[in-house]
Amino acid sequence: MVSRVSGDVVTDVLRPAGALDGWAGRFAALPDSVTLLAEPFHAMVDVRTADPAALERLVGAPLPGPNAWSGGERVTAIWLGPDEWLLTSPFLSPAELEGAARETGAAALPDARLAVVDVSAQRTTVRLRGAHARDVLETGCAIDLLPRSFGAGSAAVTLLGQSGVVLLGLGPSDYRILVRSSFAAYLAEWLLDAASEWR
Amino acid sequence: MQLIHCPWCGPREEVEFHYGGQAGVAYPADPAVLSDEEWARYVFVRDNPKGRFEERWSHSAGCRRWFTAVRDTVTYRFER
């Protein structure tokens, strides 16, 4: 939000800058069979706990097992490791999400064996959709992406085009890619190049 | 490319992993009493078998956890 006070531009609210701000024009030039979208800012919080039930009240489901994600509209939990999960939310601020995770965890685990760290600045979010979305991913990702083994609710921490990503299956031909902000421009360039085959 | 079975994530491509050398090398109970030669042996000297070898691997591009795997150094096949 920008307001003008006697000719000077004053920014009232600082909005988080996305690593892929300014790429919308190039993404828009892609065909409908491969759609790329730099999603709005997602707050992300890394949680480590031994008890997957600890955050059930916040996420709306038990924390997911290996290679899966779970959650509702507000908060999504992604499995990162045997005692590590990533909570993401496009609606809560990083401080709100971190606070909510701490409170929920402390209520469920009174002896507080829970570590919560805000990692919102670490990754940015890209949405890949379209009839050829899987074909694009398969040119640079070694995991089996066939719907029978990687469908809605699947998640994988893996390599895509040699950059480390968290890949989420949202539905048939619908993926969310979480990539480190410093790798986002590289990955966007890689995806645009991979998608050029289906232009 | 070879697939390595991560105990947490399942089969993944070899490039996602980091090699950690021989498994089961115990830290000396009392390092201070070791001679220089004994310490050097602990730090640097490892088995180099032809065949079955227990190794540490880290799934560095995935769950980032260390695990012990048994690999045949002749065929490069992993035992599960």
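With the other protein chains left in place, how much accessible area per residue, in square angstrom, belongs to chain A at a 1.4 angstrom probe?
Here the residues of chain A average 49 Å² of exposed surface.
How high is the relative contact order of chain B? Use alpha-carbon pairs under 8 Å, at least six apart in sequence, and give a whole percent.
For chain B, the relative contact order is 30 percent.
Rounded to the nearest percent, how much of the accessible area of region A:158-199 (1.4 Å probe, protein heavy atoms only) is carbon and sulfur?
Answer for region A:158-199: carbon and sulfur cover 50 percent of the accessible area.
In Å², nearest 100, what accessible area do chains B and A bury in total when the solvent probe is 1.4 Å?
Roughly 1000 Å².
Over the alpha carbons of chain B, what is the largest minus smallest coordinate on each principal axis, giving the biggest first in Å?
Sorted largest first, the three principal extents are 44, 28, 18 Å.
If amide hydrogens are placed 1.01 Å from N in the peptide plane, which non-local residues have theirs closer than 5 Å to the one on A:Ala142?
Under 5 Å from the amide H of A:Ala142: A:Leu159.
Do any trypsin sites (Lys or Arg not before Pro) in region A:133-196 lie in a DSSP loop with no more than 14 other beta carbon atoms within 10 Å, and if so, which?
Answer by residue number: A:Arg148.
Please work out the C-alpha center-to-center distance from region A:172-199 to region A:56-126 and express it in whole Å.
Cα centres, region A:172-199 to region A:56-126: 25 Å.
Given H placed on each backbone N at 1.01 Å, which residues far from B:Arg65 in sequence or on other chains put an amide H within less than 5 Å of it?
Here the answer is B:His59, since their amide H atoms fall under 5 Å of that of B:Arg65.
The values are calculated or read from the model by the stated rules, or taken from the named source; none is laboratory data. Note that the structure is a prediction, hence the values are computed from the model and not measured. Neighbour counts run over all protein chains shown; Cβ positions are idealised from the backbone, glycine included. Areas reflect the complete protein model, heavy atoms only, side chains present, ligands, DNA and RNA absent. Shrake-Rupley method; radii C 1.70, N 1.55, O 1.52, S 1.80 Å.
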